[in-house]
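Before we start, here is the structure in question, set down as structure tokens.
The values are calculated or read from the model by the stated rules, or taken from the named source; none is laboratory data. Keep in mind that what you see is a predicted model, and the values were worked out from it rather than measured. All Cβ positions, glycine included, derive from the backbone under ideal geometry; neighbour counts span all protein chains shown.
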Amino acid sequence: MSFNIKEIFHKRSGENFELFGRYINPQFSKVLKTIGFDKIYTKGMGPYLYDSQGSEYLDFLSGYGVFAIGRNHPLLAQSIKDFLDVQASNMVQMDAPLLAGILAEKLISVVGKPNINIAFFTNSGTESNEAAIKFAKAATGRNRILFLDHAFHGLSTGSLSLNGNTEFREGFGDLLPGCEGVALNDLESLEKELKKEDVAAFFVEPIQGKGVYIPEDHFLPQAQNLCRKYGTLLVADEVQTGLGRTGRWFGYEHWDLEPDIITISKALSGGMVPVGATLTSRAIYDKVFSRMDRCIVHSSTFGKNNLAMVCGLATLSILENENLIENSRVQGEKLVAQLKAMAPKHEWIKEIRGKGLMIGIEFGKPASMANKIKWNMVHGVDKGLFGELIVMPLLAKHKVLTQVSGHHQDIVKLLPTLVINQKHIDHFVNSLDSVLEDCGKISGPMWEMGKNLAKHALSNKNAVTA
């Protein structure tokens, strides 16, 4: 029997949730069905997704920031096809792969800092951060790692040890010892730990992914100075903020930082083949790969896969040639401005913040008694439920895909593709305006959704305590 992937894909389309719920993640499948996110998407192009009924959805999630250049960019797809036609050797392991060298050269050029001059390739953001942990310990001879409260650096054991969200850490036993969190903007607490002079690295997301929390202007530059003073390496986790997401090549550029290690992934793939990188200095690198017999003391079988390198090179070319980083800055400023102009109409909105096209909309307790009662009712069931009451009608009624920023947060995070324009901004702002108008109504579809969610939330609580 011949194998035809197109035939399989089209023939079995529609079995998505049956297969996913049975063989992959039953609980996630239940969640998607509960919140009405059980759409079957069959196509993606640019800033849009299309379901099995042919309906078009504006994607303001972009695969958690993976699709910076838009979905199925034709140049990226063609580049993969072209390279497959080359029939090149791949993952020989005992060789020096050309495309890995070319991509490393390009990334180092993009960073443009003399201390960042070598690259280690990975398959994901968490792998990039795992490498950074090992590199920092090897380079300094120290064991402790500091991170920020609310931080998210991945979910494998090492990076999970740097996760500032207890929801992800619970249930997995002891993690890496010597990993401690400090509060964002708390320089006093940071220095208290650094002055012990046993901290290998301080990991920071220039803008935190969970909550879109932006540090005060003075915090990161002064934190960098403290790291230099006490011999600690500064690691910039640019897995989500990097490659144009914040309107600059890298998020740390907003504060003129010079990190010792930079970790990237997500957007580098163009959404096609997983790829990540840990960028650092030759001085640090040589402490890890210190002798010929330690030349592969840290490695990844698929880390320099040719197709991943093709995706990285094509994505960087698209970002540059289509001016998408500048577009991220310009469209992000427009989107934030329009949201802030709309905000006075809706007492639910507490704050709108972001840089480029990484934006958080935080909701808070309203002033009016009627809406305050609704807010208290929702929060009495689950602290993060209000955000779900925003993203659900955005998808169901307005065909806009978004996400709640994290557990127990009344924050909706926007991560659209970097190809959006004024039309897409207007559609989102008008859609959110409509959803918030419905929030003020005594009853309606939105609050029916809320009742259903509340039932599920209470059911889960009872199951846990039973």
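Could you give every pair whose Cβ atoms fall below 9 Å, whose first residue belongs to region 104-121 and is under 17 Å from residue 275 (Cα atoms), and whose second residue is loosely packed, with under 15 Cβ neighbours inside 10 Å and polar (S, T, N, Q), counting only separations of at least 6 or pairs across chains?
Correct list of pairs: 120/299.
Now a separate question. Hey, does region 322-337 have a residue that's in contact with a helix residue (DSSP H, G or I) (Cβ under 7 Å, 6 or more places away or on another chain) and of a type in the set (D, E, K, R)?
Yes, region 322-337 has at least one match.
Taking residue 317 as meeting all but one of (1) under 22 Å from residue 64 (Cβ atoms); (2) assigned to a helix (DSSP H, G or I); (3) not assigned by TED's automatic domain parsing to the domain that holds residue 424, write down the number of the exception.
(1)
Looking only at region 173-209, which residues are small (Gly, Ala, Ser), surrounded by fewer than 22 Cβ atoms within 10 Å (Cβ to Cβ) and within 24 Å of residue 406 (Cβ to Cβ)?
173, 181, 183, 189
Based on what the data block shows, is residue 167 modelled with pLDDT under 95, surrounded by fewer than 19 Cβ atoms within 10 Å (Cβ to Cβ) and not in a loop (DSSP other than H, G, I, E, B)? Full working, then the answer.
Numbers: modelled with pLDDT under 95: yes; surrounded by fewer than 19 Cβ atoms within 10 Å (Cβ to Cβ): yes; not in a loop (DSSP other than H, G, I, E, B): yes.
The answer is yes for residue 167.
Inside region 195-217, can you point out the residues that are under 26 Å from residue 246 (Cβ atoms), touching a strand residue (DSSP E or B) at 6+ places or on another chain (Cβ under 9 Å) and outside any strand (DSSP E or B)?
Matches in region 195-217: 205, 206, 207, 209, 210, 211, 212, 214, 215.
For region 387-410, enumerate the residues that are touching a strand residue (DSSP E or B) at 6+ places or on another chain (Cβ under 7 Å) and at pLDDT below 90.
none
May I ask you to say which residue of 133, 108, 116, 102 is touching a Leu at 6+ places or on another chain (Cβ under 9 Å), at pLDDT 95 or above and not in a helix (DSSP H, G or I)?
The conditions single out 116.
Would you mind stating whether residue 372 is of a type in the set (Lys, Arg), under 20 Å from residue 64 (Cα atoms) and assigned by TED's automatic domain parsing to the domain that holds residue 432?
no
Can you tell me which residues in region 210-249 are touching a residue at least 40 places away in the same chain (Cβ under 8 Å), buried (at least 23 other Cβ atoms within 10 Å of the Cβ) and of a type outside the set (D, E, K, R)?
212, 232, 233, 235, 239, 240, 241, 243, 244, 246, 247
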